[in-house]
Amino acid sequence: MANNGSMDVPEISVEWYNDVVDAAASSPEPVQWFVGHATEGVLLLLGALLLMAALSRRSGGPHDRALALIAPVPALLAYAGSEWLKTVVDEERPCRTVGRAIIAGACPPPGDWSFPSNHATLAGALAVTTLLLSRRLGLVALPLAALAAFSRVFVGVHYPHDVIVGVLFGALVAVVATPLLARPTAEALRRRTNRADRAAPKLASRSRP
């Protein structure tokens with residue numbers, strides 16, 4: 001184990017980090033540019049896929065409409081949870097402790113902790129929520145989430161275990177939170193629909209001459 005702030009980093013994660021950073025440094029410049037800019041772009045694409053999955057559900061029954069309404073919430077919860085974990089673990093960034101050249105350009109400032117990766121957490125939550133709403137779109141989202149996570153190691157700002165745990169944590173939050181949030185939301189939509197159905201005949205009778 002390697003000491004890194006208040007957390008002991010697994011040696012295998014340090015080794016993998018060094019291997020990936022070495023491969024990144026020796027890769028062609030177009031590849032470095034693409035992967036270096038991939039994370040934000042992939043997250044935007046994952047958000048678009050989630051939106052498409054949600055829109056595909058909005059014309060269905062109460063459960064489908066509930067899924068569409070709560071679709072962004074699991075990712076927000078996962079992000080908040082990863083931010084909290086960062087303050088608990090306090091793991092320094094590998095670009096600060098390992099001291100390797102990175103293609104990210106600059107290491108995040110001190111206090112911007114490494115474990116878990118926020119980007120990987122968001123990617124995992126967005127991809128799995130998309131999968132729960134639409135299997136077809138989810139199968140596109142999953143490899144994109146893996147790319148977003150890998151890119152954080154490639155540019156040198158995260159250890160492999162940071163992104164692996166981030167993706168798994170985001171996925172877990174999505175799997176747990178999506179049905180938990182959808183159930184009461186669907187019930188509220190059913191009650192609203194029932195009230196509207198009961199009110200319709202009364203309004204119709206009042207409008208008759």
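The values are calculated or read from the model by the stated rules, or taken from the named source; none is laboratory data. Keep in mind that what you see is a predicted model, and the values were worked out from it rather than measured. Reconstructed Cβ throughout: ideal geometry from the backbone, glycine too, with neighbour counts over all protein chains shown. To get the accessible areas, we keep the full protein, side chains included, count just its heavy atoms, and leave off ligands, DNA and RNA. Shrake-Rupley method; radii C 1.70, N 1.55, O 1.52, S 1.80 Å.
Points to keep in mind about this one:
- Whichever residue in the stretch 115-143 is small (Gly, Ala, Ser) and assigned to a helix (DSSP H, G or I) and, among such residues, is nearest to Leu55 (Cα to Cα): Gly138
- Flag if Ala104 is closer than 19 Å to Leu168 by Cα and either surrounded by 14 or more Cβ atoms within 10 Å (Cβ to Cβ) or touching a Ser or Thr at 6+ places or on another chain (Cβ under 7 Å) (or both): no
- Taking the listed residues Leu168, Leu189, the one that is modelled with pLDDT under 85, surrounded by fewer than 24 Cβ atoms within 10 Å (Cβ to Cβ) and in contact with a helix residue (DSSP H, G or I) (Cβ under 7 Å, 6 or more places away or on another chain) is Leu189, with no other qualifying.
- Residue within the stretch 52-63 that is charged (D, E, K, R) and not in a helix (DSSP H, G or I) present: yes
- For the stretch 84-101, a tally of residues being part of a helix (DSSP H, G or I) and exposed (fewer than 14 other Cβ atoms within 10 Å of the Cβ) returns 3.
- All conditions but one from (1) touching a residue at least 12 places away in the same chain (Cβ under 8 Å); (2) in contact with a Leu (Cβ under 9 Å, 6 or more places away or on another chain); (3) not in a helix (DSSP H, G or I) apply to Leu45; the one that does not is (3).
- Qualifying residue in the stretch 74-83 (condition: free of Cβ contacts under 8 Å to residues at least 24 places away in the same chain, closer than 20 Å to Thr178 by Cα and out of contact with any Pro (no Cβ under 7 Å at 6 or more places or on another chain)): yes
- Among the candidates Ser13, Ser27, Ser59, the residue that is over 18 Å from Pro143 (Cβ atoms) and surrounded by fewer than 14 Cβ atoms within 10 Å (Cβ to Cβ) is uniquely Ser59.
- Boolean, Ala25 is closer than 11 Å to Ile103 by Cα, in a helix (DSSP H, G or I) and of a type in the set (Gly, Ala, Ser): yes
- Residue selected from the stretch 30-56 under the condition of a type in the set (Gly, Ala, Ser) and over 25 Å from Arg96 (Cβ atoms), by the criterion surrounded by the most Cβ atoms within 10 Å (Cβ to Cβ): Ala53
- Output for the stretch 116-173, where each listed residue is among the aliphatic types (A, V, I, L, M) and closer than 24 Å to Ala25 by Cα: Ala120, Leu144, Ala145, Ala146, Leu147, Ala148, Ala149, Val153, Val155, Val157, Val163, Ile164
- Taking the listed residues Asp112, Asp162, the one that is over 17 Å from Val20 (Cβ atoms), of a type in the set (Asp, Glu) and either open to solvent by 10 Å² or more (accessible area, probe 1.4 Å) or part of a helix (DSSP H, G or I) (or both) is Asp112, with no other qualifying.
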